[in-house]
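*Asks:* Have a look at this one.
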Amino acid sequence: MYTWWPETSWQSSAASNAVTVPLIGGGRTRSLLAEVSGVELERLRQSVRGHVLIDEPMSSHTSFRIGGPADLLVYVQDEEDLQHAAGWFRRQGLPFKVVGNGSNMLVSDAGIRGGVIKLTPRFNQVSFEGDTMVVGAGAKLARVVQQAAEAGLSGLESTVGIPGTMGGALVTNAGTDTGSIGDLVSEALLMDERGQIRTWNAQELGYRYRYSKLPASRMIVMRARLALTPAPKEEIQVKMSRLGEKRAGRQPLRFWSAGCVFKNPLELAAGKLLDRSEAKGMAIGGAEVSRKHANFIINRGGATASDVRGLIDRLHHLALLTYGLDLELEIELVGEWNS
Ligand code: EPU
């Protein structure tokens, strides 16, 4: 099963297994750890090399810098850790979510009931087999793009500036107007709900615009094979610089955010339609619709998840009223929400 990754440099990581529990009454519901014995918790601590944290604020793990506590957060350092941690959550009957960089999610103020498995930077290994790049899901996309360029392999330039990890990118089919990660994936190595390792090819992954079959499958992504194309290194670097500058010119990259809030509908880019609807500068609490790009909500400092959620709802209504378009969220809502 692991034959396409060298044993000495194997890696893992991912994103999926969304935990969205309806909130009963206001505020946070009871920690699911109340159901877990101290002995079991100690067993988890002994079986993984990474730290195990209780009531860990998710604001420290998201690019929005927003989010209430996760009942339990487990750092995993390698595939063995990942299997132990995921197996432990399954045996306890606790939901869990794997997170990479937390750059495409809004975690509720009440936080996450159950667990978060967080990949440590050790999951970032990369190897080359001819024109194929094999990438662990914990690798930061920015670093992967640079490594491909240094190896004279083209294809990943279209993802320049995307802040997440390879795992998150693989699950959401992250990309730009010039291409998406799914265009390059030939195979992905996954862990299923029973802890079994499986390989899915491009057809099974079912990539479409900002979509893959991974979230619904509840598989954990461990690594992927990317089919790249040889090209002169200078040419790749020039393209990367051009796309990077374009992005920096259009997006509020100096502020905390989770990137584009809505997917682009077929009819019109979400940013364009929200801009034409005069959404820029709308604010609730510490959350504001960026004045630079109308499909970004930024945290000006002190924004809560409910501020951002309120603004999302307002933008959604606005698009319905002005253009009759039912915008679909691009960012993921995670944790306990009132509705
Ligand atoms: N526009 C406006 N006003 C705005 C924002 C955009 O008129 O406030 C117009 C632009 O002038 C352009 C069109 O809307 O004509 C599209 O805007 P842009 O080129 O900025 O691209 P986008 O469609 O808004 C997409 C991805 C981005 C990615 C850029 C790279 C989606 C939802 N967004 O944005 O991805 O960085 O292309 O060009 O597909 C993300 O995934 O988080 C993300 C931000």
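*Asks:* Can you tell me, using C-alpha contacts under 8 Å and at least 6 residues apart, the relative contact order of the chain as a whole percent?
*Replies:* Numbers: 780 pairs, mean separation 70.3, N = 339.
Over the chain, the number comes to 21 percent.
*Asks:* For the stretch 124-234, what D do you get in µm² per second when you plug the Kirkwood radius from alpha-carbon pairs into Stokes-Einstein at 25 °C and 0.890 mPa s?
*Replies:* Values: Rh = 13.8 Å.
For the chosen part, D equals 178 µm²/s.
*Asks:* Normalised by the residues of the stretch 252-334, what does the relative contact order come to in percent, with Cα pairs under 8 Å and at least six apart?
*Replies:* Contact order relative to length: 35 percent.
*Asks:* If the convex hull of the alpha-carbon atoms of the chain is projected onto planes in all directions, what is the mean projected area in square nanometres?
*Replies:* Reported value for the Cα convex hull: 16.8 nm².
*Asks:* Among DSSP beta bridges whose residues both lie in the chain, state the antiparallel percentage, nearest 5.
*Replies:* Of the beta bridges lying entirely in the chain, close to 75 percent run antiparallel.
*Asks:* A further question on this structure: What does the accessible area per residue of the chain come to in Å², with a 1.4 Å probe and no ligands, DNA or RNA counted? Present the calculation step by step, with values, prior to reporting the outcome.
*Replies:* Numbers: 14870 Å² over 339 residues.
Per residue, the chain has 44 Å² of solvent-accessible surface.
*Asks:* Please go through the residue pairs K140/K246; K246/K272; K118/K280 and name each one whose alpha carbons sit more than 24 Å apart in this structure.
*Replies:* K118/K280
*Asks:* Accessible area of I112, 1.4 Å probe, to the nearest 10 Å²?
*Replies:* 0
*Asks:* Report the relative contact order of the stretch 161-207, percent, no decimals, based on alpha-carbon pairs under 8 angstrom and at least 6 residues apart.
*Replies:* 25
*Asks:* Considering all projection directions equally, how large on average is the shadow of the alpha-carbon convex hull of the stretch 164-223, in square nanometres? All intermediate terms of the calculation are to be shown ahead of the outcome.
*Replies:* Numbers: hull surface 14.9 nm².
It is 3.7 nm².
*Asks:* Based solely on its DSSP helices, what 222 nm [θ] is calculated for the chain when runs of n ≥ 4 H residues each add -39,500 (n - 2.57) and the sum is averaged over all residues, nearest 500 deg cm²/dmol?
*Replies:* Helices in the chain give a 222 nm mean residue ellipticity of -8000 deg cm²/dmol.
The values are calculated or read from the model by the stated rules, or taken from the named source; none is laboratory data. Predicted model, so just to flag it, every value in this text is computed and none were measured. Just the protein is used for accessible areas: all its heavy atoms, side chains included, with ligands, DNA and RNA removed. Shrake-Rupley method; radii C 1.70, N 1.55, O 1.52, S 1.80 Å.
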